[in-house]
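The values are calculated or read from the model by the stated rules, or taken from the named source; none is laboratory data. From a predicted model like this one, the values you see are computed outputs, not experimental measurements. Neighbour counts run over all protein chains shown; Cβ positions are idealised from the backbone, glycine included. These accessible areas exclude ligands, DNA and RNA; they are computed on the full protein's heavy atoms, side chains included. Shrake-Rupley method; radii C 1.70, N 1.55, O 1.52, S 1.80 Å.
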Amino acid sequence: MSTPEASVSAAAASPASSADTAPGVDINAASTGASSAVEQRLAELGLTLPAVAAPVAAYVPAVISGNHVYTAGQLPFIDGKLEATGKVSSGAEGASDEPTVSPEAAKRYAEVCAVNALAAVKSVIGDLDRITRIVKVVGFVSSDPTFTGQPGVINGASELLGKVLGDAGQHARSAVGVSVLPLDSPVEVELIAEFT
């Protein structure tokens, strides 16, 4: 199985790391420090808001409609690349030559996706403290045909949003198993955020 070991090493080398921190999310990004309470909570978790990931096709990372931000699906890019590819598998069922990702690693990658989605939100509203509620999260899990643990994988994103936004991070959600995702990513997360 493919695991985020390289990311774990990078995270361990950073000054602030946490056992429940997504590996490698403390990206050396354009952000130079916490500029909002939300970013300060991310920093307490050993996370840094990254620069917005460049679109991989004809779309923009986030758009505003009324008082809502809709993000594009965010992949678990760390330092501009995917640390793992393949289908999420809990073990024996992923016995093909295709790369697989464990549910535990995929959950950490879902957290990375959520941080990347927050970066996309910030890119259009300027300050994450303007978020009043995460309305909806949709998570996609590239799944081995017998894998049924999609909700547990997407908990990585949901739990991160709860940690950094408190009650405003509680949301409706869908966790969907799919046969393949862009760039063979194991997970993808999009969200809708309400703001003032």
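Before moving on, here are some points about what is shown:
- A count restricted to region 184-194 and to residues that are more than 19 Å from K107 (Cβ to Cβ) and open to solvent by less than 20 Å² (accessible area, probe 1.4 Å) stands at 1.
- Filtered residue count, region 105-144, keeping only those that are closer than 13 Å to L191 by Cα and of a type in the set (V, I, T): 7
- Some residue of region 118-136 being closer than 18 Å to A175 by Cβ, of a type outside the set (A, V, I, L, M, F, W, C), in contact with a helix residue (DSSP H, G or I) (Cβ under 8 Å, 6 or more places away or on another chain) and crowded, with 16+ Cβ neighbours inside 10 Å: no
- The set of residues in region 167-183 that are open to solvent by 60 Å² or more (accessible area, probe 1.4 Å) and over 27 Å from T85 (Cα atoms) comprises D167, Q170.
- Residues that are among the hydrophobic types (A, V, I, L, M, F, W, C) and surrounded by fewer than 22 Cβ atoms within 10 Å (Cβ to Cβ) do not occur anywhere in region 99-116.
- In region 140-159, the residues that are of a type in the set (V, I, T) and part of a helix (DSSP H, G or I): V153, I154
- Of all residues in region 160-196 being hydrophobic (A, V, I, L, M, F, W, C) and in a loop (DSSP other than H, G, I, E, B), the one that is nearest to the chain's Cα centre (by Cα): L181
- Failed item in (1) over 16 Å from I192 (Cα atoms); (2) in contact with a Gly (Cβ under 9 Å, 6 or more places away or on another chain); (3) open to solvent by 10 Å² or more (accessible area, probe 1.4 Å); (4) small (G, A, S), with S158 passing the rest: (1)
- V164 open to solvent by 20 Å² or more (accessible area, probe 1.4 Å) and closer than 18 Å to K107 by Cβ: no
- Condition met for S89 (of a type in the set (S, T, N, Q) and free of Cβ contacts under 8 Å to residues at least 24 places away in the same chain): no
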